[in-house]
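**Student:** Quick one: the structure is below, questions incoming.
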Amino acid sequence: MRREQKIREQLENAIQKHPGADPSASGPLDEPILPGSQLSRRRAVRLYEAALQSRLQDLESRRLKDKGESYYTIGSSGHEANAVFGDLLRSTDPALLHYRSGAFMAARAANGEGETMLFDSMLAFTASSEDPISGGRHKVFGSRSLWVPPQTSTIASQLPKAVGMAFALARMQRLGIPCELPRDSLVYCSFGDASVNHASAQAGFTAASAAHLHRQPCPLLLVCEDNGLGISVHTPDDYIEAAFRERGGLKYYTADGRDLHETYTQAKRAVEACRKYRHPVFFHLRCNRLMGHAGSDMEISYMSEADLEKMEAQDPLLAYTELLLRRGALSKDEAWRMYKDLEGRIARAGEEARTRPKLTNAEQIMAPLQLPDAKSLRVRLADTERRREVFAGKLPEDDERPRHMAYRISQGLRDLMASYENMFVFGEDVARKGGVYHVTDGLHKTYGTGRVFNTILDETTILGLAQGMAQLGCLPFPEIQYLAYLHNAIDQIRGEASTLGFFSKGQFANPMVVRIAGFAYQKGFGGHFHNDNSIGAILEIPGLIVASPSRADEAVGMLRTCAAAAQQYGRVCIFLEPIALYMTKDLHEQGDGLWQFGYPAPGESVPLGEPRIYGESDEDQLCIVSWANGLHMSLQAQKQLAERGVKARVMDMRWLAPLPMAAIKENARACGRLLVVDECRETGAGPSALILAELARDPELRGLHLDRLAGKDSFVPLAAAANLVLVQVEDILRAALAVCERGET
């Protein structure tokens, strides 16, 4: 059932029972390992040591797992050829790694300074809080000094952001934006053969190809470690080659991972081509998977013993041992001493690591997710001369005419791009067209294609680009054209962007402000893809900042706050813009112009997590809490309630994460009654249920009359039928009166 001991004994016998070097094979360590090879004996020994370290770490992890002291057994056994890339690449070439990259990390650390990868790996296996990359939150390969951002994905969803990193390298250099990486750096991204089928992986391949075919530099080295298995599902032998050898925009290389000479030769060619020509390269590395997918995977349940023995006979370490000993790069005694020395050191490291501290409370675990103190955020503003230049001589705050939201957001973005020279705006149709709703109108003309550009039509790519660019020091403002389209790519926010700081203890960050046109109530244009009223998938993600303005001036102020949170603290911000309010100018009746506003003064912002109260008085009988379209309708209902003798204050939450719960409770207590107006669907789509649940838990609020109003649990249909499932002003009025009729508190 368990194959570890057999694999260990097989390797030990290969060393101890080897007949020794060929008589004609001896020579200095700096000579080639084989005649004409570019791989020296010295480097071959170094690669062998990294491969041995990786293998013995896997075995130690499983030994500790049997004792209940290791928590991760997805190993690298059979994939040790990736040590070649760990050795060939520089520590300034970012590496987004497959989870079978133990040998890569061992080889890269051997070329670094001050890394203790052997002990660090044991700390990770045992989930110690002293693990230097994740602090015990997960077993990940990562190192800030070695430029290995931690990846938690098993489905190659790191590919889109790897493309973003490679894209950013050239873009930042051309624009003179500071980058800590050398000009000729490349980005390395590895993954398994089964993962290439995933939509996120395919998005990455397409984006890399598109960059090259659009003549955009994209120095990306994609390495598919093909072991022929996706847990128990077989990958056809010729599948990867057939899919990628002739794929447009990708240069294809391949090697058998059991052949150290061939792997090194081909890998060196691939690295040199990627670095020199700045184009994406696909490297097909054929591997074997040993000891199953993980410790809990009993291969015998889906493979015959004969197949397992055949696979184990293809162990790359057997081939490496035979090569080095036959060619005299190591003697049998030297190889055995190396093996036993590493085995002893790893065992001692494992024993020590299991005694080291663990995470012991929720506060420790959640520390990287804590949002910044609102008072610490500093709005950045370009100098007056630069602002006059980008606004063609007239500053927006000097324009006395009130304006609608789309106009002000456009001005706000223009202002921010002058203030943050590392800021980029990109997405579908955002450049010359200025976006579907013209919110980015004029930005391309002012800042050029370098900083305002169109992407291919794929939300996964857009968000991947944002992450990769952000990790290198850019401040991306990607646009998702409609809220419904975000759901095509939500894992890039949930599984990738939001987890990076958490699983790296804040050592890596991808600051960004993701602008999303969303919600419902569009007139004359609709259907559920353009009228999506569900944000539940966003609200459940830890650590996000979620802003949703309802009026023009506050949209600018909130953009400034989000930019500061992203730039200063590396936060991922979601900026939900209500489409139906983009062009809205009136509040109560046509032509009143009450929903147009001036441009906020320079330096003015909306404090993070702070709501706005409309019509507050000591005699208020009800507090209505809402945001975005709900806020606009609630203000209309407020006026009609006043005409009926009911005094109500209206709160615009503005921030959906962090929710302004303290202010909500305070106003509920002051009024004795509270109604939450949620324009999203009733079940799980918006924040109203969360708010009422929190209010109900507070013993100080018992006896208050609380209620919520939300849309129907339906997708949004076309035309006037949409109003039948969406909250209307009349619904708010009825719900408010019903709450007020419940008697005195």
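**Student:** Could you please give the count of residues in region 426-449 that are β-branched (Val, Ile, Thr) and surrounded by fewer than 20 Cβ atoms within 10 Å (Cβ to Cβ)? Give the steps one after another, and end with the answer.
**Tutor:** Start the filter on region 426-449 by keeping residues that are β-branched (Val, Ile, Thr), which leaves 430, 436, 439-440, 446, 449.
Within this subset, residues satisfying the condition of being surrounded by fewer than 20 Cβ atoms within 10 Å (Cβ to Cβ) are 436, 446, 449.
Residues that pass the stated criteria total 3.
**Student:** Related question: Just name the residue that is nearest to the chain's Cα centre (by Cα) out of those in region 480-492 that are within 14 Å of Val572 (Cα to Cα) and surrounded by fewer than 24 Cβ atoms within 10 Å (Cβ to Cβ).
**Tutor:** Residues of region 480-492 within 14 Å of Val572 (Cα to Cα): 490-492.
Checking the rest, the ones that are also surrounded by fewer than 24 Cβ atoms within 10 Å (Cβ to Cβ) come to 490-491.
Details: Ile490: 10, Asp491: 8 Å.
That would be Asp491.
**Student:** Right, another one. Check region 229-245 and report whether any residue there is at positive phi and either assigned by TED's automatic domain parsing to the domain that holds Leu88 or buried (at least 16 other Cβ atoms within 10 Å of the Cβ) (or both).
**Tutor:** Going residue by residue through region 229-245, those that are at positive phi are 231.
From what is left, the residues that are either assigned by TED's automatic domain parsing to the domain that holds Leu88 or buried (at least 16 other Cβ atoms within 10 Å of the Cβ) (or both) are 231.
Yes, some residue in region 229-245 is at positive phi and either assigned by TED's automatic domain parsing to the domain that holds Leu88 or buried (at least 16 other Cβ atoms within 10 Å of the Cβ) (or both).
**Student:** Could you check region 242-286 and list, in sequence order, the residues that are of a type in the set (A, V, I, L, M) and within 27 Å of Ala51 (Cβ to Cβ)?
**Tutor:** Taking region 242-286 first, the residues of a type in the set (A, V, I, L, M) are 242-243, 250, 255, 260, 267, 270-271, 273, 281, 285.
Those that are of a type in the set (A, V, I, L, M) and within 27 Å of Ala51 (Cβ to Cβ): Ala255, Leu260, Ala267, Ala270, Val271, Ala273, Val281, Leu285.
**Student:** Can you tell me which residue within region 358-389, out of those that are out of contact with any Ser or Thr (no Cβ under 7 Å at 6 or more places or on another chain) and of a type in the set (Lys, Arg), is surrounded by the fewest Cβ atoms within 10 Å (Cβ to Cβ)?
**Tutor:** Lys375
**Student:** Which one of Asp678, Asp707 is at pLDDT 95 or above and under 20 Å from Leu576 (Cα atoms)? I'd like the intermediate steps shown before the answer.
**Tutor:** Values: Asp707 fails: under 20 Å from Leu576 (Cα atoms).
Just one listed residue meets the conditions, Asp678.
**Student:** State which residue is surrounded by the most Cβ atoms within 10 Å (Cβ to Cβ) when the search covers only region 586-602 and only residues that are out of contact with any Leu (no Cβ under 9 Å at 6 or more places or on another chain) and without any contact (Cβ under 8 Å) to a residue 24 or more places away in the chain. Spell out how you get there, then give the answer.
**Tutor:** Taking region 586-602 and keeping what is out of contact with any Leu (no Cβ under 9 Å at 6 or more places or on another chain), we get 589-592, 596-598, 600-601.
Cutting the leftovers down to without any contact (Cβ under 8 Å) to a residue 24 or more places away in the chain gives us 589-592.
Working: Glu589: 8, Gln590: 7, Gly591: 7, Asp592: 11.
Among those that are out of contact with any Leu (no Cβ under 9 Å at 6 or more places or on another chain) and without any contact (Cβ under 8 Å) to a residue 24 or more places away in the chain, it is Asp592.
**Student:** Turning to a different aspect of this structure: For region 529-567, give me the residue count where each residue is within 26 Å of Gly598 (Cβ to Cβ) and either surrounded by fewer than 24 Cβ atoms within 10 Å (Cβ to Cβ) or not β-branched (Val, Ile, Thr) (or both).
**Tutor:** Going through region 529-567, the residues within 26 Å of Gly598 (Cβ to Cβ) turn out to be 545-567.
Right, trim to either surrounded by fewer than 24 Cβ atoms within 10 Å (Cβ to Cβ) or not β-branched (Val, Ile, Thr) (or both) and you get 546-555, 557-560, 562-567.
Matching residues across region 529-567 total 20.
**Student:** Now, a different point. Kindly establish whether Ile15 is β-branched (Val, Ile, Thr), part of a loop (DSSP other than H, G, I, E, B) and in the same structural domain as Leu317 (by TED's automatic domain parsing). Spell out the reasoning first.
**Tutor:** Numbers: β-branched (Val, Ile, Thr): yes; part of a loop (DSSP other than H, G, I, E, B): no; in the same structural domain as Leu317 (by TED's automatic domain parsing): yes.
When the stated conditions are applied, Ile15 does not pass them.
**Student:** Does Ala497 count as in a helix (DSSP H, G or I) and either touching a residue at least 60 places away in the same chain (Cβ under 8 Å) or in contact with a helix residue (DSSP H, G or I) (Cβ under 8 Å, 6 or more places away or on another chain) (or both)?
**Tutor:** Working: in a helix (DSSP H, G or I): yes; either touching a residue at least 60 places away in the same chain (Cβ under 8 Å) or in contact with a helix residue (DSSP H, G or I) (Cβ under 8 Å, 6 or more places away or on another chain) (or both): yes.
The answer is yes for Ala497.
**Student:** Right, Gln507: of a type outside the set (Ser, Thr, Tyr), in the same structural domain as Tyr569 (by TED's automatic domain parsing), part of a helix (DSSP H, G or I) and at pLDDT 95 or above or not? Before you say what the answer is, go through the steps one by one.
**Tutor:** Details: of a type outside the set (Ser, Thr, Tyr): yes; in the same structural domain as Tyr569 (by TED's automatic domain parsing): yes; part of a helix (DSSP H, G or I): no; at pLDDT 95 or above: yes.
No, not satisfied.
**Student:** Something else: Within region 154-193, count every residue that is surrounded by fewer than 22 Cβ atoms within 10 Å (Cβ to Cβ) and closer than 20 Å to Thr235 by Cα.
**Tutor:** Result for region 154-193: 2.
**Student:** Going through Thr440, Thr446 one at a time, which residue ends up being in the same structural domain as Ala564 (by TED's automatic domain parsing), at pLDDT 95 or above and in a helix (DSSP H, G or I)? Break it down stepwise before answering.
**Tutor:** Working: Thr440 fails: in a helix (DSSP H, G or I).
Sole residue among the options that is in the same structural domain as Ala564 (by TED's automatic domain parsing), at pLDDT 95 or above and in a helix (DSSP H, G or I): Thr446.
**Student:** Filter region 1-36 down to the residues that are among the basic types (Lys, Arg) and surrounded by 12 or more Cβ atoms within 10 Å (Cβ to Cβ), then identify the one that is farthest from Ala335 (Cα to Cα). Talk me through it step by step, then tell me what you get.
**Tutor:** Applying the first criterion (among the basic types (Lys, Arg)) to region 1-36 yields 2-3, 6, 8, 17.
From what is left, the residues that are surrounded by 12 or more Cβ atoms within 10 Å (Cβ to Cβ) are 2-3, 6, 8.
Values: Arg2: 26, Arg3: 23, Lys6: 19, Arg8: 15 Å.
Restricting to residues being among the basic types (Lys, Arg) and surrounded by 12 or more Cβ atoms within 10 Å (Cβ to Cβ), the top hit is Arg2.
**Student:** Kindly evaluate Ala107 against the criterion of being surrounded by 24 or more Cβ atoms within 10 Å (Cβ to Cβ), assigned by TED's automatic domain parsing to the domain that holds Thr263 and on the phi > 0 side of the Ramachandran plot.
**Tutor:** On the way: surrounded by 24 or more Cβ atoms within 10 Å (Cβ to Cβ): yes; assigned by TED's automatic domain parsing to the domain that holds Thr263: yes; on the phi > 0 side of the Ramachandran plot: no.
No, not satisfied.
**Student:** With the condition being outside the structural domain of Cys179 (by TED's automatic domain parsing) and either among the basic types (Lys, Arg) or farther than 30 Å from Arg46 by Cβ (or both), I'd like the helices (runs of 4 or more DSSP H) fully within region 309-428 carrying at least 3 qualifying residues.
**Tutor:** Working: elements: 316-326, 332-353, 362-366, 384-390, 405-419.
Those helices (runs of 4 or more DSSP H) span 362-366, 384-390, 405-419.
**Student:** Give region 616-642 a look and list any residue that's in contact with a helix residue (DSSP H, G or I) (Cβ under 6 Å, 6 or more places away or on another chain), part of a loop (DSSP other than H, G, I, E, B) and of a type outside the set (D, E, K, R), or say none.
**Tutor:** Gln621
**Student:** Now for a separate question. Working only within region 212-232, note down all residues that are modelled with pLDDT of 95 or more and among the hydrophobic types (A, V, I, L, M, F, W, C).
**Tutor:** Cys218, Leu220, Leu221, Leu222, Val223, Cys224
The values are calculated or read from the model by the stated rules, or taken from the named source; none is laboratory data. Note that the structure is predicted; figures quoted are calculated from it, not measured. Every residue, glycine among them, receives a Cβ derived from its backbone with ideal geometry; neighbour counts consider all protein chains shown.
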